[in-house]
Amino acid sequence: MSFNILLKKCDSFKYLKRGWDGYNAKPPNSISIEYSKHFLKLLSCKINLPSPRIAPSVEEGVGISFNNEDKYLNIEFFNSGEIIVGTSDKNGNVDIKEFEHDNEIKILEMVDNFFHKTKTRVS
C-alpha cells in the first residue's frame, strides 16, 4: 500500500464518532492522527520493511503494525500523546517500550533493527 493511501486513511479517522467499534471506543483525536502521519512520512524513506497496516485503535488512538512470517511490530499513537511500541517473534519473545512523541528516530531505529537484526535492544 502506498504511503499516500496510508496518510489519507489516517486522515479519515477524524470522521469517526464515539462508538465507532460497535462498543464505546473514543475515536482517534488530532494528536494521535498527526503523530501517526508524521511517523508515516518518516517511514516512507525506509525500504525493505513489511508493508504497514494502519487502523484506529480501541485503546483511543491510531495503530500502525508490521507483520512478516516471523515477526510482528505494533506502534500505538494514543490520544494522550503517549506512544507504545510492542514487538513479538515466532519464538514468543515479547518486548514493549514507551516513547515520548519526540523520539521518532529511536522508534524508526527500533523498527529497522527489529526486522533486520536477530536481536533488538533499544534503551
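Does the range 45-54 contain any residue that is under 23 Å from D102 (Cα atoms), among the charged types (D, E, K, R) and at pLDDT 95 or above? No, the range 45-54 contains no residue that is under 23 Å from D102 (Cα atoms), among the charged types (D, E, K, R) and at pLDDT 95 or above. Taking the conditions (1) within 14 Å of the chain's Cα centre (by Cα); (2) surrounded by 15 or more Cβ atoms within 10 Å (Cβ to Cβ) in turn, K41 satisfies each one other than (2). Residues in the range 79-105 that are over 12 Å from the mean Cα position of the chain (by Cα), more than 14 Å from S32 (Cβ to Cβ) and among the polar types (S, T, N, Q): S88, N91, N93, N103. Of the listed requirements (1) assigned to a loop (DSSP other than H, G, I, E, B); (2) exposed (fewer than 13 other Cβ atoms within 10 Å of the Cβ), D11 misses just one: (1). Which residue out of I31, I5 is surrounded by fewer than 19 Cβ atoms within 10 Å (Cβ to Cβ), under 14 Å from the mean Cα position of the chain (by Cα), hydrophobic (A, V, I, L, M, F, W, C) and outside any loop (DSSP other than H, G, I, E, B)? Just a single option satisfies the conditions, and that option is I31. Considered as a group, the residues in the range 64-79 that are modelled with pLDDT under 95 and out of contact with any Phe, Trp or Tyr (no Cβ under 8 Å at 6 or more places or on another chain) include one that is surrounded by the most Cβ atoms within 10 Å (Cβ to Cβ), and that residue is N67. Residues in the range 46-60 that are at positive phi and either of a type in the set (S, T, Y) or surrounded by 16 or more Cβ atoms within 10 Å (Cβ to Cβ) (or both): E60 only.
The values are calculated or read from the model by the stated rules, or taken from the named source; none is laboratory data. Fair warning: this is a prediction, and the values are worked out from it, not measured in the lab. Neighbour counts are summed over all protein chains in view; Cβ atoms, including those assigned to glycine, are modelled from backbone coordinates with ideal geometry.
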